[in-house]
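A short write-up of the structure that comes next.
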Amino acid sequence: MISPKKSYSVDEATKKLEGYCAYQDRCHKEVISKLREMHMIPQAIDLIIAHLIQENFLNEERFAKSYARGKFNIKKWGKNRIVNELKHREISKYNINMALKEIEPKEYIKTFNALAKKRLAEIREKDLQKRRKKLADYLLYRGWESGLVYEKVYELVPNK
């Protein structure tokens, strides 16, 4: 038996989305997706989005900044990965640039160096080339710039 779809009035949906946005910063794409899941019509979506922006529940610049800080500090992502993920969420170029300013350059390099050393210690491969490749692949996947990665790989895994 299929359960009937719950329908929401604009006021109910607005209250529900206020809670959704208050719990954690959200981007417009996430909120629109949530409203579509709730089977709201396009006019209602526009109305609710406008209300959320007006009441400061929804702010893309704030979202981009907290996203960049969080992914860098917690997941140790590099700028490339952060930029790609923000683009995927349809964040504007301006907001992406503002978000990247949240990451201190000294802290960025310090985190990169610590991450590279930690990962190298975990790699059990004996072959030098395979060791370098595993380290480089790991760092590139995490979104660190290729220039930084290859420089660090050759510094940490020198030719013998």
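Tabulated results
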{"quantity": "Residues that are touching a Phe, Trp or Tyr at 6+ places or on another chain (Cβ under 9 Å) and under 20 Å from residue 58 (Cβ atoms), drawn from the stretch 72-115", "calculated": "85, 86, 89, 91, 95, 99, 102"}
{"quantity": "Tally of residues being surrounded by 14 or more Cβ atoms within 10 Å (Cβ to Cβ), in a helix (DSSP H, G or I) and out of contact with any Leu (no Cβ under 8 Å at 6 or more places or on another chain) across the stretch 132-147", "calculated": "6"}
{"quantity": "The stretch 18-53: number of residues that are within 23 Å of residue 99 (Cβ to Cβ), part of a helix (DSSP H, G or I) and not basic (Lys, Arg)", "calculated": "12"}
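Values in this text are rule-based calculations from the coordinates and carry no lab data. Given the structure is predicted, the values throughout are model-derived calculations rather than measurements. All Cβ positions, glycine included, derive from the backbone under ideal geometry; neighbour counts span all protein chains shown.
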